[in-house]
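Below is one structure; the comments refer to it alone.
The values are calculated or read from the model by the stated rules, or taken from the named source; none is laboratory data. Values in this document were obtained by computation on a predicted structure and should not be read as measured data. Cβ atoms come from the backbone with ideal geometry, glycine included; neighbour counts cover every protein chain shown. Ligands, DNA and RNA are stripped out before the accessible areas are found, and what is left, the full protein with its side chains, is counted by its heavy atoms. Shrake-Rupley method; radii C 1.70, N 1.55, O 1.52, S 1.80 Å.
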Amino acid sequence: MKQNILHFQDRQAAIAAFDHLWERETPWILAFIGFSGHGKSTLLDWFEEHRCRRDDLPYALVGLDAALSGAQDGGEPPVAAALHRLIAARAGLHPFLPGPALKTYRAARKSILAERSRRALALQQTQHTEGSEDVHQTMSANLAEALRAMDRQAESELLAAWLDCVAHLSGEQIVFMFDNYDMFQERVSREDLQLFWDTLDTTSASLPGLRVLLAGREAVLHRHAVRVLESGLTAEALAPLDATDSNALLQVLGVTDAAFREAVYTRLAQGHPLVTRLAAEAWLETPGGIPAGDVPALHGHEKALQWIQGRILDRLEEPLRTAARWAALLRWFNAESLNAILGLELTSDEFRALTRYAFIIRPRLAPRAWACHDLLRRVQCAYLSQERPEETAAFHHRAQDYYAEHDQPLEALYHALFVDTAVAFDAWETEESAAAFRFDHEIWAALIELADAPELQAYLTRARRAELAYRAGRRHYYRAEWGGADDRLAQALTLFREIGDRLGEANVLKALGDVQQFR
């Protein structure tokens with residue numbers, strides 16, 4: 001059984017919701033919503049182990065953040081990339097899909113993507129550089145529209161091949177599980193989201209036993225705009241552990257001090273599953289345990305994690321202490337990359353000891369690597385950036401050099417962004433607590449300048465680009481730079497309209513009115 005589901009607590013309501021899903025035709029989409037560390041990914045792992053495998057159900061479990069990354073790396077349209085992940089999953093659908101069907105699909109996909117790349121390259125090579133600036137702009141616009149048309153055609157062909165393939169699925173009950181759905185719904189357009197669900201709806205028509213599970217940090221958006229979500233979705237909020245379950249979990253993990261167990265619930269974790277588990281690990285590693293009176297009353301999971309992390313680090317020997325402190329600055333790592341970037345010589349036993357902590361996970365985006373849990377990453381990145389800025393900058397320079405030498409340009413860019421902006425970029429991208437990081441004018445100015453870099457688009461969502469353009473327009477407005485304000489606000493307006501953000505659109509229109517009034 002997977003390490004992170006050994007101690008599964010307080011999910012009876014979620015399990016019942018999954019089991020009831022088979023008893024009715026609608027809803028056939030079930031969403032589990034909870035903040036970081038509430039056990040969403042663990043819940044999907046639990047269903048994989050105790051429902052899908054137990055009952056021999058055909059299933060696939062994928063992370064939609066991984067699908068987006070694959071689309072960015074390979075130029076594949078995002079919806080086709082997300083659904084391809086279901087078939088490409090190492091476990092799950094493979095045993096239930098006939099070999100010939102898989103072979104046909106893979107050959108078709110390879111041919112479609114190759115033809116799309118060939119046509120795009122041929123079209124780009126026909127562009128000429130002579131002429132006026134207006135001619136250049138017209139040609140660029142025409143090229144962009146032609147490339148979008150190619151993408152739409154390729155996506156249509158890819159989805160047709162995908163539907164042909166999954167039509168060969170057998171079994172009365174089939175489960176598709178998507179982790180990090182909140183990232184997907186934020187980063188794709190409303191049209192792509194509609195296409196994604198329409199394709200799954202078409203699949204459910206031929207496979208009436210299909211059930212879809214979603215896990216995310218935010219409620220499913222656009223429910224009233226996407227027809228399938230309107231009629232097919234139900235949701236279950238993942239609540240914190242109650243006092244009884246918190247106490248039971250700490251006991252199972254080996255905490256024998258009843259007073260400490262009560263202090264963890266009332267003063268530290270308030271039922272947060274990850275914080276509870278880490279508190280147990282800190283207690284177990286402290287000779288004689290941590291006295292209940294030493295547990296501070298902390299409000300906020302970031303502060304609680306910072307306190308617990310300090311207690312754990314105090315007990316670690318070098319070089320494991322250095323590895324545990326700095327690993328959070330990497331999106332993911334293995335023993336080789338961690339040793340090389342930090343200049344350590346962790347043994348295989350020491351690295352295994354590091355991965356046994358609850359804050360070290362297997363990310364769905366890189367399932368063969370390891371990563372720190374994103375909640376702890378935000379805390380640790382903020383701490384190191386503020387308390388040890390020079391060492392942090394040096395770390396990112398070393399990481400940038402390492403990934404550049406190992407032909408991983410996106411990872412190299414990721415660490416370059418940390419250095420250039422003096423802020424943990426991914427934390428800005430996925431923040432849940434505004435208090436966790438400070439964004440001053442200089443940082444925003446740096447991000448605004450970086451937002452136009454083509455290679456940065458792999459990291460910036462359309463929503464974040466819209467926000468940056470809006471903030472840039474407001475900066476120009478305050479400086480009475482009217483032309484810059486017009487250009488940036490127009491860019492923001494287009495982006496907000498593309499993602500269907502009516503509030504963002506309204507804010508931009510108000511800002512444009514201010515520009516016209518005071519220029």
Name every residue in region 357-398 that is open to solvent by 60 Å² or more (accessible area, probe 1.4 Å), part of a helix (DSSP H, G or I) and under 16 Å from GLY310 (Cβ atoms), in order of residue number.
TYR383, GLN386, GLU387
What number goes with the only condition from (1) open to solvent by 40 Å² or more (accessible area, probe 1.4 Å); (2) in contact with a Lys or Arg (Cβ under 8 Å, 6 or more places away or on another chain) that SER246 does not pass?
(1)
Across region 492-513, what is the number of residues that are open to solvent by less than 50 Å² (accessible area, probe 1.4 Å) and of a type in the set (Val, Ile, Thr)?
2
Qualifying residue in region 225-245 (condition: without any contact (Cβ under 8 Å) to a residue 24 or more places away in the chain, small (Gly, Ala, Ser) and in a loop (DSSP other than H, G, I, E, B)):
no
Among the candidates VAL228, VAL175, VAL188, single out the residue that is open to solvent by less than 50 Å² (accessible area, probe 1.4 Å) and under 20 Å from the mean Cα position of the chain (by Cα).
VAL188
Any residue in region 332-353 that is closer than 26 Å to MET183 by Cα, aromatic (Phe, Trp, Tyr), open to solvent by 40 Å² or more (accessible area, probe 1.4 Å) and not in a strand (DSSP E or B)?
yes
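Each row is one residue, and each column tells you yes or no for (1) among the small types (Gly, Ala, Ser); (2) in contact with a strand residue (DSSP E or B) (Cβ under 7 Å, 6 or more places away or on another chain); (3) at pLDDT 75 or above.
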residue: ALA141; (1), (2), (3): yes, no, no
residue: VAL166; (1), (2), (3): no, no, yes
residue: GLY171; (1), (2), (3): yes, no, no
residue: VAL175; (1), (2), (3): no, yes, yes
Scanning region 262-308 residue by residue, the ones that are open to solvent by 10 Å² or more (accessible area, probe 1.4 Å), more than 15 Å from SER246 (Cβ to Cβ) and in contact with a Leu (Cβ under 7 Å, 6 or more places away or on another chain) total 2
Qualifying positions in region 58-72 - touching a helix residue (DSSP H, G or I) at 6+ places or on another chain (Cβ under 7 Å) and either at pLDDT below 85 or not hydroxyl-bearing (Ser, Thr, Tyr) (or both)
PRO58, ALA60, LEU61, VAL62, LEU64, ASP65, ALA66, ALA67, LEU68, GLY70, ALA71, GLN72
